[in-house]
Amino acid sequence: MILREATPADDAAIVETYAACYPSRVLTPESVRADHEAAPPQEHPLTVLAEDGGKVVGLARSHVDLESEFTDLAVTTVMVLPGHRRKGVGTALQRRVAEHQRAIGMRRTVARTADADGAAFASGLGLAESRVERISFIDPSTVEAPGPLPEGITLRSLGEIDDLRPVYDLDCAVSADVPSATPFQPYSYEQWTVSIVGTPLLDRDCSLIGYADGEPVVMVFCDTAGTRMFSGLAGTRADHRGRGLARVVKAHALRRAAGKGVREAYTNNDDTNAAMLAVNTALGYREHSRQTLVLGPI
Ligand SMILES: CC(C)(COP(=O)(O)OP(=O)(O)OC[C@H]1O[C@@H](n2cnc3c(N)ncnc32)[C@H](O)[C@@H]1OP(=O)(O)O)[C@@H](O)C(=O)NCCC(=O)NCCS
């Protein structure tokens, strides 16, 4: 087994490894490349591959978490194909990225465990469980037509909006309310336009914003790739909550996605986020899996 840094020729193998270890992730080789190119230098991104007999059997990634107030926090991802586990591959990969993380001044890390193997591995590293996320699944073609929009609300797709600054402000406001293992700090507007809105998977027809009195008050952002979709952020401005806005806008987004041929849609929610879990359940989402966020020293 050898460890080496990933090159652009490995983008397809990276997508396949995610598909085996984190099946709800929606990625393409093009999006892996674009994310790499969009990463600001302060993230110090690193992807290391483990190869056995010329085949990629695992990988580890690291980047500095610029969306946290902690200045010494790195995000770590380690994954090994199921048939190659318990042979020390994960340990070798993790040591390689931890070396890099220490060298750039990082002292703590967050990681996301995908299964019982991951939980045991993280516990062996001294990482403590901080919160649990529920991954939910729906076939968007099963979503019923939504009722009318509440009075005064107009809907625009992301592709129809010229001035994105108010959408950024809404994103910052709702993201601050999403449960997180570490104190949240938003990207700058410039970085947001590159790392969030500029990514090739962000679907400009299915990502929808609801306006009231000319201001965005509800948003649903969706990534799509062929028949698959992942919706990361859905949020309603605090003074418009409790009106059914998130549900109706997400229903529109899912039906648009169904119209484009999407048949597998995933979303993630903190296990304590009762409001969003209720919206998703009402739309017909069902639990797919759970992931535990772990945090600790490097
Ligand atoms: C976590 C993962 C990367 C480990 O890969 P691996 O190559 O099997 O790891 P290693 O062989 O180096 O195992 C290191 C130690 O982790 C612990 N461990 C790993 N899997 C375990 C399991 N199923 N049960 C108990 N302990 C386990 C053991 O202490 C093991 O050492 P040992 O085999 O000497 O007992 C792999 O299981 C995986 O890809 N899981 C899905 C993704 C994920 O959750 N990543 C974790 C992010 S923190």
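Here, each number is a calculation from the coordinates, and none is a lab measurement. Please read all numbers here as calculations on a predicted model, not as lab measurements. Ideal geometry is used to build each Cβ from the backbone, glycine not excepted, and the neighbour counts take in all protein chains shown.
Here is how the numbers come out for the structure above:
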quantity	calculated
Cross-link reach list, lysines versus LYS55, counting only Cα pairs under 30 Å and skipping chain neighbours closer than eight places	LYS87
Cα-Cα P(r), region 2-126, percent of pairs per 10 Å interval	13, 46, 37, 5, 0
Inter-label distance, nm, simple model (7 Å from Cα along the C-beta direction), ALA103/ALA176	3.8 nm
ARG204 versus VAL132: modelled label distance in nm, points set 7 Å from Cα along the beta carbon direction	4.1 nm
14 Å beta-carbon shell around ASP270, net charge (K/R +1, D/E -1)	-1
The chain - mean residue ellipticity at 222 nm from DSSP helices (-39,500 (n - 2.57) per run, n ≥ 4, rounded to 500)	-9000 deg cm²/dmol
FRET efficiency, GLU5 to ASP169 (Cβ-Cβ, R0 25 Å, nearest 0.05)	0.10
Cα convex hull volume per residue for region 95-209 (Å³)	189 Å³
Acute angle (nearest 10 degrees) that the helix 245-259 long axis makes with the longest principal axis of the chain, alpha-carbon atoms	70 degrees
Counted charge near PHE70, where neighbours are those whose Cβ lies closer than 13 Å (Asp, Glu -1; Lys, Arg +1)	-2
Sequence-distant lysines (8 or more away, or on other chains) whose Cα lies within less than 19 Å of LYS250	LYS260
The chain, Rg to Rh (Cα coordinates; Rh as Kirkwood inverse mean 1/r)	0.97
Full-stretch length increase - ASP213, SER157 - with 0.36 nm per residue and alpha-carbon distance subtracted	18.5 nm
Near-label residues of region 177-192 by backbone N, under 18 Å of a point 7 Å along Cα→Cβ of GLU69	177-188
Net charge contributed by nearby residues that have their C-beta within less than 13 Å of PRO45 (K/R +1, D/E -1)	-3
Debye intensity ratio in log₁₀ form over the Cα atoms of region 137-290, taken at each q of 0.08, 0.10, 0.19, 0.21 Å⁻¹	-0.20, -0.32, -1.29, -1.60
